[in-house]
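The values are calculated or read from the model by the stated rules, or taken from the named source; none is laboratory data. All figures in this text were calculated on a predicted structure; none of them were measured in a lab. Neighbour counts are summed over all protein chains in view; Cβ atoms, including those assigned to glycine, are modelled from backbone coordinates with ideal geometry. For the accessible areas, the whole protein counts, side chains as well, though only heavy atoms, and no ligand, DNA or RNA atoms are used. Shrake-Rupley method; radii C 1.70, N 1.55, O 1.52, S 1.80 Å.
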Amino acid sequence: MKVSEVMTAPPVCVAPDATLVEVARLMAESAVGSVLVVEDGALHGIVTDRDLVVRGLGGGLDARARADAIMSARVVTVEAVEDLEAAYRAFRRTGVRRLPVLDAGRVVGVLAIDDLFLDLFRRFADLLGPVAWSVLQEPPGPSQEAGATG
């Protein structure tokens, strides 16, 4: 399975000069825990909810401070065409929880660890569906063959 099949798209993005208030408001409206900082289609960084709290408020910055003041500029990315195994390796190697997804250098989505969990849960449900159905069709208690005495 490819990264593009599991990622969240389109990504939520802001310009580097967006204020912390704008970033927080956009995160709340979009129900996301991070935004990508993008300018002219190029990824400059990522701002997470933790960045807002620790580097922003905790760092004494004003709510009108710019997103690029608190963003993480060294961003680990993954390509949309890559197999999910590449994303698993990136998550294990780096300890990040979100990976911006690129296609020919352009930001096209975000892959979060939560997206991988959802994919795993869907796969388990697909596997368990037929098993659960066969269990539901069997009568409760011991089978007739096992308990038959003459």
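What the table shows:
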{"item": "Å² per residue, accessible surface of the chain at 1.4 Å", "result": "64"}
{"item": "About the Cα centre, charge dipole magnitude for the chain (Lys/Arg +1, Asp/Glu -1 at Cβ), debye", "result": "480"}
{"item": "Computed FRET value (nearest 0.05) for Asp40 with Val131, which takes r as the C-beta separation and R₀ as 41 Å", "result": "0.20"}
{"item": "Max mean-square fluctuation residue, GNM over the chain, Cα-Cα springs under 10 Å, options Val12, Val110, Val32", "result": "Val32"}
{"item": "Full-extension gain in nm, Phe121 to Ala15, via 0.36 nm per residue minus C-alpha separation", "result": "34.7 nm"}
{"item": "Cα-based helix-to-principal-axis angle, 20-30 vs the chain, degrees rounded to 10", "result": "30"}
{"item": "Order of exposure, largest accessible area first, which applies to Leu61, Leu52 with probe 1.4 Å", "result": "Leu61, Leu52"}
{"item": "Long-range tail of P(r) for segment 42-135 (Cα pairs > 19 Å, %)", "result": "55"}
{"item": "Anisotropy class of segment 1-52 from Cα gyration tensor, a/c 1.5 cut", "result": "oblate"}
{"item": "Of Val96, Leu116, Val32, farthest towards positive along the dipole that unit charges on Lys, Arg, Asp, Glu beta carbons give the chain", "result": "Val96"}
{"item": "Label-point separation in nm, Arg25 to Glu5, each point 7 Å along Cα→Cβ", "result": "4.0"}
